[in-house]
Amino acid sequence: EDQVTQSPEALRLQEGESSSLNCSYTVSGLRGLFWYRQDPGKGPEFLFTLYSAGEEKEKERLKATLTKKESFLHITAPKPEDSATYLCAVQPSGGSYIPTFGRGTSLIVHP
Amino acid sequence: DSGVTQTPKHLITATGQRVTLRCSPRSGDLSVYWYQQSLDQGLQFLIQYYNGEERAKGNILERFSAQQFPDLHSELNLSSLELGDSALYFCASSAGGQETQYFGPGTRLLVL
């Protein structure tokens, strides 16, 4: 069974204080790893897809990286508007291709 | 805006009732997925349809059913509702069956 564990569960940062969110996973074969941002009461918003170990993708203050066992979402000099829950999901390379989602990391950035 | 639309945004109903949630996928997407999100369970996959056919099933209760119509919109039917069915219900769509999923804004269901 595919498993995704995200840590920490919650993270409080000061504006400008860089940090990283972790997503550890086990999957029989990885087709892709997804990062989403979710604001309270809203639908998850797609951020990145990573396909192979060593791959990196960036968008504004966010950078996602991937190894064979985990992914990191690095947040550089965060702003209050980056406050949200960040979800990680792994998609298996066979079967139904349905992603398994982690419980998310709730990020609060204080001004 | 992901391009996925869901109606209604909010739904309040009583135990034992039946409701229908509607989803329109992004233009061109053939796959529709339904998810349930509650505070204690996280995002749980319910069911997937691809071009009108059921493709994959997750932890969907027998009281719940779904279908995808020829115009590719989908409906999730929830019947004999219980208090524990109160949650956010999301629809997502993708081009085929393996690509990135894009989520709609969700329907918040409250069962009293």
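Meeting the requirement of 1 or more residues that are more than 11 Å from the chain's Cα centre (by Cα) and surrounded by 13 or more Cβ atoms within 10 Å (Cβ to Cβ), the strands (runs of 3 or more DSSP E) wholly within chain A are A:10-14, A:19-26, A:30-38, A:45-50, A:56-59, A:84-92, A:105-110.
Inside segment B:83-112, can you point out the residues that are among the β-branched types (Val, Ile, Thr), under 13 Å from residue B:12 (Cα atoms) and within 14 Å of chain A (Cβ to nearest Cβ)? Give the derivation first.
In the first step, residues of segment B:83-112 are kept if they are among the β-branched types (Val, Ile, Thr); the result is B:100, B:107, B:111.
Right, trim to under 13 Å from residue B:12 (Cα atoms) and you get B:107, B:111.
Matches in segment B:83-112: B:107 only.
Listed by first and then second residue, the pairs linking a residue in segment B:80-107 that is closer than 18 Å to residue B:59 by Cα and modelled with pLDDT of 95 or more to a residue that is of a type in the set (D, E, K, R) and not in a loop (DSSP other than H, G, I, E, B), with Cβ atoms under 9 Å apart and 6 or more places separating them unless they lie on different chains, are B:86/B:108; B:87/B:108; B:88/B:108; B:89/B:108; B:91/B:22. Set side by side, the residues A:25, A:51 differ, and just one is out of contact with any Asp or Glu (no Cβ under 7 Å at 6 or more places or on another chain) and either aromatic (Phe, Trp, Tyr) or within 30 Å of residue B:10 (Cα to Cα) (or both), which is A:51.
Yes/no per residue for (1) more than 8 Å from chain A (Cβ to nearest Cβ); (2) over 22 Å from residue B:1 (Cβ atoms); (3) assigned to a strand (DSSP E or B):
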site	(1), (2), (3)
B:46	yes, yes, yes
B:55	no, yes, yes
B:59	yes, yes, no
B:81	yes, yes, no
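From the list B:74, B:38, B:27, the lone residue that is touching a Cys at 6+ places or on another chain (Cβ under 7 Å), hydroxyl-bearing (Ser, Thr, Tyr) and more than 11 Å from chain A (Cβ to nearest Cβ) is B:74.
The values are calculated or read from the model by the stated rules, or taken from the named source; none is laboratory data. Every value quoted in this text rests on a predicted model; they were computed, and no experiment measured them. Quick reminder, even Gly has a Cβ in these numbers, built from the backbone with ideal geometry, and neighbours come from all protein chains shown.
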